[in-house]
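The values are calculated or read from the model by the stated rules, or taken from the named source; none is laboratory data. Predicted model, so just to flag it, every value in this text is computed and none were measured. A quick note on method: Cβ atoms are made from the backbone with ideal geometry, for glycine too, and the neighbour counts reach across all protein chains shown. Note: accessible area is taken over every heavy atom of the protein model, side chains too, but ligands, DNA and RNA are not part of it. Shrake-Rupley method; radii C 1.70, N 1.55, O 1.52, S 1.80 Å.
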Amino acid sequence: MEVFDVFGKVVDWTLKTKEAFDQAASVKHEFQKATQQAQMKRFREAVKIAEEILAPWAGKISLSQQWVKQVFLGDFLEQVKVKLCEWRQVINEADSLVHHADSLLETDAANPLQTQVLIEALALFQKSNSLMCDRYFIHSVSKCELEILKRQKFQALVGIAEEYTQSLWFQAAIKKYLEAQELYQTITVQRALEFLASQVKREEAYEAILKKVTVASLQGRLGSATALLKSALTNFPRSDGLELLKQLQRTVEGKIQFLLGLTAEKAGNLQEAASLYKVAQAILPDPTECKIRLGLVALKTQDWAIALSHLKGVSGEQAAYLQGFTYAQQGNLQQAYLEWQSVSHPDIELNRLILKTMSQQQRLRLLQNIEQCVQSGNFKAAQAASLQFLQKFGSDKLVEDNLKEHIQPHLDAAVWQNTDWEMIVARVEEIWISQPDMITLHNWVVATYYYALETHSGASIQNFIIALSTALANLTHAPALQNIPWLGTKPVDLESICFGLKRRIEEAIERCKDKDINDYLQLRDLQRLEYLSLHLMKTQPNRNIKINNIRLPPSCYNKYFNRWQENLVDVIEPNQNILRSLYTPWGLAVAACLEGDKQRAIQLKPIVKPQTSIEFFAEQLVAYHEGCYQLVQQKWREAMIPLKQASTEIKASVVWQQEIDRLCSIQRQEISQFKEHLEFSQFWYNLLGSQSARSYLAEYKAEQLWMNLANQHISPLKALQELQNIKQIDELNPVVLDFLEKVGFFQEMEIIEMLLENNKFEEAVSLAKKSNHKRVKFKVAEFFVQILANTVERRLGDLQMIHKLGRFAYEICPNEPAFQEVYRSLKLR
């Protein structure tokens with residue numbers, strides 16, 4: 001200890017001055033902490049820190065402290081006092097409000113039917129809580145809110161129970177009162193339960209009568225049911241019984257109206273009978289009989305359509321018979337025969353045989369009519385008669401073949417005799433829609449081509465592109481390209497034919513260029529969609545969307561979807577997402593993306609929300625390309641929304657991830673502001689989490705932490721903890737590892753300096769020896785060597801103390817070249 005006493009004389013003058021300066025240096029940092037606490041409304045903590053700041057500089061202080069206070073602190077301590085006064089004033093105001101609230105709560109009578117006192121106290125607690133943050137305030141607010149909610153729930157349950165009691169639903173009221181009793185035990189609730197228990201037998205007796213009334217009404221004994229119910233309601237007038245009484249009375253009234261209708265019908269007053277039956281139908285719970293009588297009245301007036309409308313949906317043999325009879329009267333013998341199939345009455349068998357004979361005769365007459373129309377050249381009438389026949393009697397090969405091979409070709413040929421191409425296109429298109437095959441498709445293409453040549457309008461060229469694209473999709477099945485004699489065994493050059501036909505599209509579009517630029521761009525969009533789909537369809541020739549074995553590209557599919565949806569066959573492979581996406585509302589935008597026109601794709605994307613999985617894929621594909629486009633334009637903030645929207649598909653595609661990484665690396669080079677680097681690196685990391693993104697984010701987070709540490713906004717210990725978190729982003733990042741090394745050094749040096757200032761030299765030496773930082777070892781050893789040199793120079797200590805100081809340095813850095821001369825002079829080994 002003698003050594004250290006002597007050493008203390010050496011360093012005492014420096015330590016006292018350093019202590020005063022350290023106190024002054026920490027004042028502003030501590031006041032910043034107090035201000036931060038005040039900003040978070042933690043005024044008690046702020047006051048405590050401010051008082052601790054002022055305490056060392058109050059009262060009698062040393063000359064060195066006075067000098068430091070005057071020179072370095074100036075008016076700063078006065079500012080602290082002003083803030084301290086303001087903060088205490090807020091605390092006093094908040095405490096006063098809470099005291100008032102506590103006083104109010106003491107007056108609360110704990111009556112669950114009263115909440116006014118609690119509401120007033122809650123308002124005071126909430127006001128105090130808005131002034132400052134305090135655990136007691138928060139707890140008080142929560143406690144008041146819970147008690148108010150509990151009482152309000154009790155009041156609601158009691159209110160419902162009282163309504164049930166007044167409405168004579170005693171058992172339901174008991175359940176609600178029991179629920180309320182679980183919250184609060186009150187005399188009022190207990191008395192109500194006792195009263196209700198005495199009334200349950202009355203309710204049970206009433207409900208037993210109600211069941212008897214229901215049974216009687218179902219058995220048709222409406223009079224006795226009504227009388228029994230009226231007597232029960234005299235003593236127990238509950239709402240369900242009153243409603244049932246109204247229903248019984250309405251049923252009785254409906255029966256009366258029905259009987260009056262029967263009387264009127266028998267008297268031949270059919271119009272009056274129909275009116276009475278309709279009144280009864282609206283009143284009676286089961287209107288089946290009314291519908292049948294209305295059907296019979298309509299049959300008597302030979303209003304077949306009205307009769308069928310009344311009988312529609314009515315089950316039973318009687319209704320089936322009447323419907324069959326009505327169909328027979330309309331001449332629809334086939335349907336009449338089908339209706340009577342379900343009738344089991346023995347007398348109906350003869351009628352069925354008669355119907356069969358009449359049906360055969362009708363069939364023969366219709367066939368003769370078709371033949372006569374064809375012979376007279378009236379093919380339009382022949383077509384109508386053929387369709388009528390097929391509608392009445394179903395499929396018939398003879399009629400169908402005649403219609404397809406003889407009648408229809410004559411009608412088709414007649415279309416082309418006209419010179420009005422608009423009319424020709426409309427007619428040919430309607431035939432193509434009703435009968436999609438290679439012949440009608442060929443006719444549609446030809447008509448749209450000549451109409452486009454005639455008008456040069458955007459709409460006509462659009463139809464031509466759709467028609468010709470559909471034809472190109474089915475080129476291998478074109479009859480004109482099958483078995484060409486002069487080619488022999490040589491295959492048809494489909495590529496050359498396809499190229500020639502595409503030139504027709506190109507020429508048609510170019511004619512529109514100078515007329516309307518918007519039409520021109522839309523036609524180019526459509527052409528791009530169709531060409532891309534044709535290319536993809538070619539790779540999967542048998543796995544497309546078809547109708548009647550005709551392959552449909554996207555535009556044709558979408559144009560006629562509503563007309564064809566029941567007959568479409570989709571055999572595209574489930575994993576063909578690109579091809580499938582072209583058939584969605586995003587098709588035009590997807591095609592633009594894949595053909596490299598991302599700017600146009602942004603304009604074409606629809607505003608509708610996706611509904612199916614393939615629509616979600618298409619939306620994300622377009623969003624990905626939009627994000628890439630914005631990154632190329634070095635507008636990463638505009639890229640954030642679309643790229644986040646596409647995050648699911650980005651995670652599933654390595655190619656997309658690599659492209660985004662490449663573009664983000666370029667974008668990084670264009671950023672100059674540190675804050676923007678932080679924001680962009682966080683976005684990149686959140687989006688991809690790639691190695692480049694991890695490295696980028698980790699470096700800038702570490703840089704930010706290092707600046708905070710340098711500005712004393714964070715302690716070395718806290719910085720070390722946060723650096724460990726940053727290290728989890730990129731474990732092998734050299735910048736992060738370097739900062740970890742530096743912060744670790746500062747942390748250890750801070751601890752060792754504290755030990756040295758408190759004369760705990762052995763502990764400081766022990767900690768330095770265990771350190772993994774060479775700089776820590778060197779700095780501490782250097783400190784002891786400098787003290788040793790100072791002691792020798794001033795002759796302040798004996799040889800034992802000098803040797804001890806050298807031993808400290810030697811234990812820490814025995815092999816340090818800079819200290820070897822000192823070690824040798826002290827004969828340390």
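Count of the stretch 577-621 residues, restricted to those that are outside any helix (DSSP H, G or I) and under 16 Å from residue 529 (Cα atoms), is 10. Scan the stretch 436-456 residue by residue and report those that are under 44 Å from the mean Cα position of the chain (by Cα) and touching a residue at least 40 places away in the same chain (Cβ under 8 Å). 436, 437, 441, listed by residue number.
Scoring residue 744 on the criteria (1) under 19 Å from residue 802 (Cα atoms); (2) modelled with pLDDT under 85; (3) surrounded by 17 or more Cβ atoms within 10 Å (Cβ to Cβ); (4) not β-branched (Val, Ile, Thr) leaves a single failure, condition (1). Residue pairs whose Cβ atoms lie under 6 Å apart, separated by 6 or more positions or on different chains, with the first residue in the stretch 632-646 and assigned to a helix (DSSP H, G or I) and the second among the polar types (S, T, N, Q), are 636/667; 638/630; 639/630.
Just checking, which of 77, 118, 149, 97 is in contact with an Asp or Glu (Cβ under 7 Å, 6 or more places away or on another chain) and aliphatic (A, V, I, L, M)?
118
Among the residues making up the stretch 88-116, those that are of a type in the set (A, V, I, L, M, F, W, C) and either more than 20 Å from residue 141 (Cβ to Cβ) or out of contact with any helix residue (DSSP H, G or I) (no Cβ under 6 Å at 6 or more places or on another chain) (or both) are 109, 110, 113.
Residues considered: 678, 767. Of these, the only one that is under 30 Å from residue 808 (Cα atoms), modelled with pLDDT of 85 or more, open to solvent by 20 Å² or more (accessible area, probe 1.4 Å) and among the hydrophobic types (A, V, I, L, M, F, W, C) is 767. For the stretch 630-675, filtered to residues that are open to solvent by 20 Å² or more (accessible area, probe 1.4 Å) and aliphatic (A, V, I, L, M), the residue that is nearest to residue 599 (Cα to Cα) is 632. Scanning the stretch 221-241 for residues that are surrounded by 17 or more Cβ atoms within 10 Å (Cβ to Cβ) and either of a type in the set (Gly, Ala, Ser) or on the phi > 0 side of the Ramachandran plot (or both) yields a total of 3.
Pick from the stretch 196-220 the residues that are in contact with a helix residue (DSSP H, G or I) (Cβ under 8 Å, 6 or more places away or on another chain) and without any contact (Cβ under 8 Å) to a residue 24 or more places away in the chain: which of them is least open to solvent (accessible area, probe 1.4 Å)?
The extreme case among them is 216.
Does the stretch 777-797 contain any residue that is open to solvent by less than 70 Å² (accessible area, probe 1.4 Å), at pLDDT below 80 and over 30 Å from residue 819 (Cβ atoms)? Scanning the stretch 777-797, I find no residue that is open to solvent by less than 70 Å² (accessible area, probe 1.4 Å), at pLDDT below 80 and over 30 Å from residue 819 (Cβ atoms), so the answer is no.
Scanning the stretch 72-81 for residues that are assigned to a helix (DSSP H, G or I) and either at pLDDT 90 or above or open to solvent by 80 Å² or more (accessible area, probe 1.4 Å) (or both) yields a total of 4. Figure legend. Inter-residue proximity from the stretch 528-550: first residues touching a residue at least 40 places away in the same chain (Cβ under 8 Å), second residues open to solvent by 40 Å² or more (accessible area, probe 1.4 Å) and not in a loop (DSSP other than H, G, I, E, B), beta-carbon distance below 6 Å, spacing 6+ or different chains. Indicated pairs: 529/588. What single numbered condition from (1) of a type in the set (Phe, Trp, Tyr); (2) surrounded by fewer than 17 Cβ atoms within 10 Å (Cβ to Cβ); (3) at pLDDT 70 or above fails to hold for residue 432? Against the list (1) of a type in the set (Phe, Trp, Tyr); (2) surrounded by fewer than 17 Cβ atoms within 10 Å (Cβ to Cβ); (3) at pLDDT 70 or above, residue 432 comes up short only on (2).
When the residues of the stretch 809-825 are filtered to those that are in a loop (DSSP other than H, G, I, E, B) and within 16 Å of residue 765 (Cβ to Cβ), the one that is modelled with the lowest pLDDT is 816. Of the residues making up the stretch 123-148, those that are open to solvent by 20 Å² or more (accessible area, probe 1.4 Å) and over 26 Å from residue 88 (Cβ atoms) are 142, 143, 145, 146, 147. Hey, any hits in the stretch 242-260 for a residue that's modelled with pLDDT of 85 or more, open to solvent by less than 30 Å² (accessible area, probe 1.4 Å) and in contact with a Leu (Cβ under 6 Å, 6 or more places away or on another chain)? Looking for residues that are modelled with pLDDT of 85 or more, open to solvent by less than 30 Å² (accessible area, probe 1.4 Å) and in contact with a Leu (Cβ under 6 Å, 6 or more places away or on another chain), one finds none in the stretch 242-260, hence no. Cβ separations smaller than 8 Å between residues 6+ apart or across chains give the following pairs from the stretch 165-192 residues that are of a type in the set (Phe, Trp, Tyr) to residues that are not in a helix (DSSP H, G or I): 169/238; 184/112. Of the residues making up the stretch 614-629, those that are under 11 Å from residue 660 (Cα atoms) and buried (at least 22 other Cβ atoms within 10 Å of the Cβ) are 624, 625, 627. Might you check whether a residue that is touching a strand residue (DSSP E or B) at 6+ places or on another chain (Cβ under 8 Å), of a type in the set (S, T, N, Q) and surrounded by 15 or more Cβ atoms within 10 Å (Cβ to Cβ) occurs anywhere in the stretch 533-541? No, because not a single residue in the stretch 533-541 is touching a strand residue (DSSP E or B) at 6+ places or on another chain (Cβ under 8 Å), of a type in the set (S, T, N, Q) and surrounded by 15 or more Cβ atoms within 10 Å (Cβ to Cβ). Filtered by the rule that a residue be under 17 Å from residue 650 (Cβ atoms) and in a helix (DSSP H, G or I), the stretch 681-720 gives 682, 683, 684, 685, 686, 687, 691, 692, 693, 694.
Identify all residues within the stretch 498-554 that are among the acidic types (Asp, Glu) and more than 33 Å from the chain's Cα centre (by Cα); write none if there are none.
Scanning the stretch 498-554 gives 506, 507, 510, 514, 516, 519.
For the stretch 189-208, the count of residues that are over 30 Å from residue 111 (Cα atoms), charged (D, E, K, R) and at pLDDT below 85 is zero.
Filtering the stretch 34-60 to residues that are part of a loop (DSSP other than H, G, I, E, B) and modelled with pLDDT under 80 leaves 58, 59, 60. Quick check on my filter: what residues within the stretch 78-118 are closer than 23 Å to residue 128 by Cβ and touching a Lys or Arg at 6+ places or on another chain (Cβ under 6 Å)? 97, 115, listed by residue number. Using beta carbons and a limit of 8 Å, which pairs, at least six apart or on different chains, have the first residue in the stretch 79-104 and under 16 Å from residue 47 (Cβ atoms) and the second one among the basic types (Lys, Arg)? Once the first residue is under 16 Å from residue 47 (Cβ atoms) and sits in the stretch 79-104, its partners that are among the basic types (Lys, Arg) give 91/44.
With a requirement of 3 or more residues that are touching a Gly at 6+ places or on another chain (Cβ under 9 Å), the helices (runs of 4 or more DSSP H) lying completely within the stretch 160-242 that satisfy it span 187-218, 222-235. Contact map, the stretch 397-423: residues that are open to solvent by 50 Å² or more (accessible area, probe 1.4 Å) and modelled with pLDDT of 75 or more paired with residues that are in a helix (DSSP H, G or I) and not hydrophobic (A, V, I, L, M, F, W, C), Cβ distance under 6 Å, separation 6+ or inter-chain. Pairs shown: 421/450; 421/451; 421/454. Inspection of the stretch 590-602 finds no residue satisfying the criterion of being among the aliphatic types (A, V, I, L, M), more than 33 Å from the chain's Cα centre (by Cα) and open to solvent by 30 Å² or more (accessible area, probe 1.4 Å).
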